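The values are calculated or read from the model by the stated rules, or taken from the named source; none is laboratory data. Everything quoted here is computed from the prediction, not taken from an experiment. Virtual Cβ from ideal backbone geometry, glycine too; neighbours counted across all protein chains shown.
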Amino acid sequence: MSLTPPTSEVAETYLDSAGSEHRIDPAVIARLRQALGTPPAGAEDSAPIVARRGDPVPVTGRLRLEGGGTLDLDGTVPEDCPLGYHTLTGPVARQLIVGPGRCYLPDRRAWGWTVQLYAARSALSWGIGDLGDLRTIVEWAAGQGAGFVLVNPLHAAAPTLPQEPSPYFPTSRAFRNPIYLRIEDVPGADRVDLRDLQQAGRAANAGPLIDRDAVWRLKRAALHRVYSQVRPEEEFARWRAEQGPALQRFATWCALADRHGASWRDWPAELRHPDGEAVPRFEREAEQAIGFYAWLQWLLQLQLSGCSDRAPGVAVIQDLPIGVDPNGADTWAWQQVMAEGVTVGAPPDPFNLSGQDWGLHPFVPWRLRQAGYQPFVEALRATLARNGGLRIDHVMGLLRLWWIPEGSPPTEGGYVSYPVADLLEIVALESHRFQALVVGEDLGTVAPGLREEMAARNMLSYRLLWFEEEPPPAWPVPALAAVTTHDLPTVAGLWSGADLADQQASGLDADPASTEQLRAHLAELAAAPAGATPQQVTVAAYRALARAPSTLLAATLEDAAGIELRPNLPGTTRRQNWSVPLPVPVEELPSLPGAAAIAEVLDRACRTAAAVAAAAADTRHAPGDRLVPPPGKTSDT
């Protein structure tokens, strides 16, 4: 591991994005250490060991293999040990996680679209883009020669109203959001009269913004109608039995939220923990409701798998948020692993002088280890797709997170370190199991050595036209290269001045000089004259991007459609955040001149590019690797 191990789990100093050192207030450090707590004596003796074949390990004995059988362990991981999650038998059962060292990475360069799925409505949508629309986009992208579609987080929101608009503030990272279901594709929906709800749902497409509350009311009513009138298939019952306690726990939380509200902290005391004395009684009384929420997750798996099945050459890359709602399902299920009294965010940087507080509660690092990293593994498996990919939002969180004591501003926080070597190895293991590439979003303040470690592990970095001082031809090969992201200006918004006006109208202390500097940067890279139209500049920007040698080249549908508003304006609660639909339905994307021009530029770059650089050549797992499918995951997910 090339990263320097921390001497303390709470850092006393840190380097900002400009390389300047900052010292953390000792009073802040004391509060963070209090929230961190102290592991009990002997905790390390039962914590999991994460290693690779041939690594020395501080244990000996008989190893019970995840896929069956046993293996003797004599202080070194045998070279013929299967990759996976094994158990050392003996007086104290201890987990040994054996990883491949590197993530899976296809040996071809590719380009693709980044998609805010909620925004991608079609004539068949019910007011919000759904998994049927994603299937259409994937097929369209395949026809253009694209190799991937990167979609916003699809993780679960609370089933109550109001619906959480931000995909990066889920109630659970281990399950998905049924608001994205295509109702007509639900098994049995064709045997139920849904015409009234369908008509209202299609009418919602006329709204200028996505109204999640209205959409969820209609979809939930339709799903209840189907569930109550059509007996779920036997395939669902088999699938549900395979999922184990995690699905039952989540479905129970949803049913409890229906009855007592979205925050488990406000529930009756005997229900505030999954092991509470009243929970089994509730499960017996509410089996119909719990079964309904489990069924929704089965439907989501079916429909998401169908997106990849229709165009197997296009990887569906899903986004993993950095955390979850502190009052939601995952914190209820894993509250013994979560830190209380702190939230996470980011220190000040040139783009946000006040820092950021995301309102998320972090895992306590040593408690996460004691839990065998299970909540992290569950989140990875729910986000990965077979032959697809994973984007880890704020990948720096695998190394350290900026903890902020509750009641303090983001400037009065500090960094808490995490077992980065273990977490990266687990990411690599799950990447190989799903044959899925991994992208780490490493924008902002990045610790020295992290990007080098990512490259060594075949985890792609992020490079943005807005941020990079070097021209695209100088960018690294192991990276995803893009012009912008959901939190940054679109090309049209920057060039026209609409983005600056939006910032000012939203109450931000926007800096016109910074905007003009970024605009000049764009004009230089795109070789755009002052009188160029936004569409001309957009195509020119992607022509510049296409010169990057990076493994993946990404274009946004917002740029393809000439949208001026960002999907999200950080630091604001404006109504438009996460709610701006594309100006044309999905069926009309092929007719957009901007989409066709961008696709032609990026596809030509990938088709004519030289062979992938030697750094990315050694990417596939060895032929002898025995990969055990994740428990309960016998089909594409």
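From the list PRO473, PRO478, exactly one residue is crowded, with 22+ Cβ neighbours inside 10 Å and on the phi < 0 side of the Ramachandran plot. Which is it?
PRO478
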> What residue, of PRO58, PRO91, is more than 30 Å from LEU460 (Cβ to Cβ), part of a strand (DSSP E or B) and not small (Gly, Ala, Ser)?
Replying inline: PRO58
>> Every residue in segment 218-254 that is among the charged types (D, E, K, R) and either surrounded by 15 or more Cβ atoms within 10 Å (Cβ to Cβ) or in a loop (DSSP other than H, G, I, E, B) (or both), please.
In response: LYS219, ARG220, ARG225, ARG231, GLU233, ARG240, ARG249
> Residues in segment 268-283: is at least one hydrophobic (A, V, I, L, M, F, W, C), more than 23 Å from the chain's Cα centre (by Cα) and within 14 Å of ALA156 (Cβ to Cβ)?
Replying inline: no
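Looking only at segment 528-535, decide whether some residue is touching an Asp or Glu at 6+ places or on another chain (Cβ under 9 Å), crowded, with 16+ Cβ neighbours inside 10 Å and at negative phi.
Within segment 528-535 (the criterion being touching an Asp or Glu at 6+ places or on another chain (Cβ under 9 Å), crowded, with 16+ Cβ neighbours inside 10 Å and at negative phi), the answer is yes, since at least one residue qualifies.
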> Out of curiosity, is ILE128 buried (at least 24 other Cβ atoms within 10 Å of the Cβ), farther than 19 Å from SER305 by Cβ, within 22 Å of the chain's Cα centre (by Cα) and among the aliphatic types (A, V, I, L, M)?
Replying inline: yes
> Here are some residues: VAL364, VAL316, VAL324. Which one is modelled with pLDDT of 90 or more, in contact with a Lys or Arg (Cβ under 9 Å, 6 or more places away or on another chain) and of a type in the set (A, V, I, L, M)?
Replying inline: VAL324
> Within segment 261-275, how many residues turn out to be buried (at least 16 other Cβ atoms within 10 Å of the Cβ) and without any contact (Cβ under 8 Å) to a residue 24 or more places away in the chain?
Replying inline: 2
>> Which residue is surrounded by the most Cβ atoms within 10 Å (Cβ to Cβ), if the candidates are limited to segment 131-156 and must be over 14 Å from the mean Cα position of the chain (by Cα) and part of a loop (DSSP other than H, G, I, E, B)?
In response: ALA146
> Among all residue pairs at least 6 apart or on different chains, which show Cβ distances below 8 Å where the first residue, located in segment 367-395, is touching a residue at least 12 places away in the same chain (Cβ under 8 Å) and the second is surrounded by fewer than 20 Cβ atoms within 10 Å (Cβ to Cβ) and part of a strand (DSSP E or B)?
Replying inline: GLY372/GLN95
> Looking at (1) assigned to a loop (DSSP other than H, G, I, E, B); (2) surrounded by fewer than 16 Cβ atoms within 10 Å (Cβ to Cβ), which is the only condition LEU565 fails?
Replying inline: (2)
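Identify, from the list LEU36, LEU73, LEU15, the residue that is surrounded by 10 or more Cβ atoms within 10 Å (Cβ to Cβ), more than 30 Å from VAL342 (Cα to Cα) and not β-branched (Val, Ile, Thr).
None of the others qualify; the one that does is LEU73.
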>> If I go through segment 75-96 residue by residue, how many of them are under 16 Å from GLY61 (Cβ atoms), among the hydrophobic types (A, V, I, L, M, F, W, C) and in contact with an Asp or Glu (Cβ under 9 Å, 6 or more places away or on another chain)?
In response: 2
> surrounded by 20 or more Cβ atoms within 10 Å (Cβ to Cβ) and touching a Ser or Thr at 6+ places or on another chain (Cβ under 6 Å) - does that describe any residue in segment 417-425?
Replying inline: no
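For the structure I just gave you, tell me whether ASP511 is acidic (Asp, Glu), more than 24 Å from the chain's Cα centre (by Cα) and surrounded by fewer than 21 Cβ atoms within 10 Å (Cβ to Cβ).
yes
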>> Given the options ILE426, ILE404, name the one that is farther than 19 Å from LEU36 by Cα and modelled with pLDDT of 95 or more.
In response: ILE426
> Any residue in segment 35-55 that is in a helix (DSSP H, G or I), in contact (Cβ under 8 Å) with a residue 40 or more places away in the chain, closer than 30 Å to VAL364 by Cα and more than 27 Å from the chain's Cα centre (by Cα)?
Replying inline: yes
> What single numbered condition from (1) over 21 Å from PHE169 (Cβ atoms); (2) charged (D, E, K, R); (3) modelled with pLDDT of 95 or more fails to hold for ASP330?
Replying inline: (1)
> With (1) more than 29 Å from PRO419 (Cα to Cα); (2) buried (at least 19 other Cβ atoms within 10 Å of the Cβ) as the list, and SER496 as the residue in question, which single condition is left unmet?
Replying inline: (2)
>> Residue under question is CYS81, and the condition is that it be closer than 19 Å to GLN318 by Cα, part of a loop (DSSP other than H, G, I, E, B) and either at pLDDT 95 or above or not basic (Lys, Arg) (or both); does it hold?
In response: no
>> Every residue in segment 280-299 that is in contact (Cβ under 8 Å) with a residue 40 or more places away in the chain and within 13 Å of CYS254 (Cβ to Cβ), please.
In response: ILE290, GLY291, PHE292, TYR293, ALA294, TRP295, LEU296, GLN297
> Inside segment 255-291, can you point out the residues that are under 24 Å from GLN374 (Cβ atoms), assigned to a helix (DSSP H, G or I) and in contact with a Ser or Thr (Cβ under 8 Å, 6 or more places away or on another chain)?
Replying inline: ALA257, TRP264, VAL279, PHE282, GLU283, ILE290
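With respect to LEU368, is the statement that it is in a helix (DSSP H, G or I), under 30 Å from TYR14 (Cβ atoms) and among the hydrophobic types (A, V, I, L, M, F, W, C) true?
Yes: the conditions hold for LEU368.
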> Taking the condition surrounded by fewer than 14 Cβ atoms within 10 Å (Cβ to Cβ), in contact (Cβ under 8 Å) with a residue 60 or more places away in the chain, in a loop (DSSP other than H, G, I, E, B) and among the small types (Gly, Ala, Ser), does GLY67 pass?
Replying inline: yes
>> For the structure I just gave you, tell me whether GLN435 is in contact (Cβ under 8 Å) with a residue 60 or more places away in the chain, touching a Ser or Thr at 6+ places or on another chain (Cβ under 8 Å) and more than 25 Å from ASN568 (Cβ to Cβ).
In response: no
